[in-house]
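S.K.: Take this structure, written in structure tokens, and hold onto it; I'll ask about it next.
Every number here is computed from the coordinates shown, using simple stated rules; none is lab data. The model shown is predicted, which means the values in this text are computed figures rather than measured ones. Quick reminder, even Gly has a Cβ in these numbers, built from the backbone with ideal geometry, and neighbours come from all protein chains shown.
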Amino acid sequence: MLKNITSKQRNIIVAVIAIWGIIFIGSGITMNFMDKPITKTKRELKVTQKRVANMKSNEIRLKNMEQEINQPLSVNVKDYLENANDIEEDILRELQLDTSMVNVNQAGNYTYTIKYKKKTFNGTFTIKEKPLPDMVLTLKNLNLETGSALSTDVQTYITEKLTAEVKKNIKLNLTNVNTAQAGSYQYTVTYNGRLYTGTITIYTPQKTEQPSKPSTGEDNTEEENNNNTEEEK
């Protein structure tokens, strides 16, 4: 059959077969590629941070210090600096701390100093009162005889049991009480910022009269005998 076709037809047939062959081969490659599993490659990206040198400012800035009464003062100069980490160690060793003007036994505001070479830096140091126990007091209303001595023990005037610390911080005011004259007087107690008022009544005790003895006549006879004896003399 192929003998009867022309050379031109033969070339067309060969070209068609070649094209189909290319198509089938391409399809096979595509199918093989699609059948292959897709693998993911994990790659880590490392970011290296460039370290910047920490420059020291060496600026001396003082703290406003504060602590309770009767507590020891720190002798570490770093405790008095706001920016101790920004100052070089060589400079810190040269700083001279002076807290001689701070009285830890008395509440108030004081000044401390830090010296560096020819410069003097001033700071504030506050000594605070220790917080007192928070309690409400109940005052007694007392009755005393005229001429009685007023007690100076605050427990005498207060119902609640007081500790030594509370007693120490109570202010008792008896200046308005006159024990020489009967009457009603007010006294005051001050504690932890609160003012309390009580009453003391001064009274004069009533005198009771002794009953007179009945006369028996014997006394008169004795007096008459005495009188007669004196006349005879």
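S.K.: Determine the alpha carbon to alpha carbon distance for each of Lys78/Lys168; Lys63/Lys171; Lys63/Lys168; Lys56/Lys117 and list only those over 26 Å.
M.R.: Pairs exceeding the cut-off: Lys78/Lys168; Lys63/Lys171; Lys63/Lys168.
S.K.: I'd like to know which of Tyr185, Thr159, Ala149 lies farthest towards the positive end of the charge dipole of segment 142-203, counting +1 on Cβ of Lys and Arg and -1 on Cβ of Asp and Glu.
M.R.: Towards the positive end, the residue furthest out is Thr159.
S.K.: Here is a further query. Suppose R0 equals 22 Å. What FRET efficiency, 1/(1 + (r/R0)^6) with r the Cβ-Cβ distance, do Gln67 and Ser100 give to the nearest 0.05?
M.R.: Calculated transfer efficiency: 0.85.
S.K.: With +1 on each Lys and Arg Cβ and -1 on each Asp and Glu Cβ, and nothing else charged, work out how big the dipole of segment 65-128 is about its Cα centre, in Debye to the nearest 20.
M.R.: 300
S.K.: Given H placed on each backbone N at 1.01 Å, which residues far from Tyr110 in sequence or on other chains put an amide H within less than 5 Å of it?
M.R.: Amide H neighbours of Tyr110: Phe125, Thr126, Ile127.
S.K.: Report, by chain and number, residues whose modeled amide H sits under 5 Å from the one on Leu62, excluding near sequence neighbours (fewer than 5 apart, same chain).
M.R.: The answer is Glu82.
S.K.: Taking θ = phi - 60°, what integer Hz values does the Karplus form 6.51 cos²θ - 1.76 cosθ + 1.60 yield along segment 158-175, in sequence order, with x for Gly and Pro?
M.R.: Going residue by residue, I get 10, 6, 5, 6, 9, 7, 4, 5, 5, 4, 4, 9, 9, 10, 9, 10, 10, 5 Hz, with x marking Gly and Pro.
S.K.: Calculate, in nm to one decimal, what Thr199 and Asn169 gain on full extension: separation in residues at 0.36 nm each, minus their alpha carbon distance.
M.R.: Result: 8.7 nm gained on full extension.
S.K.: Would you grab the residues whose amide H sits under 5 Å from the one on Tyr187? Only those 5+ places off in sequence or on another chain, please, with H modelled 1.01 Å from N.
M.R.: The list, which skips near neighbours in sequence, is Gly198, Thr199, Ile200.
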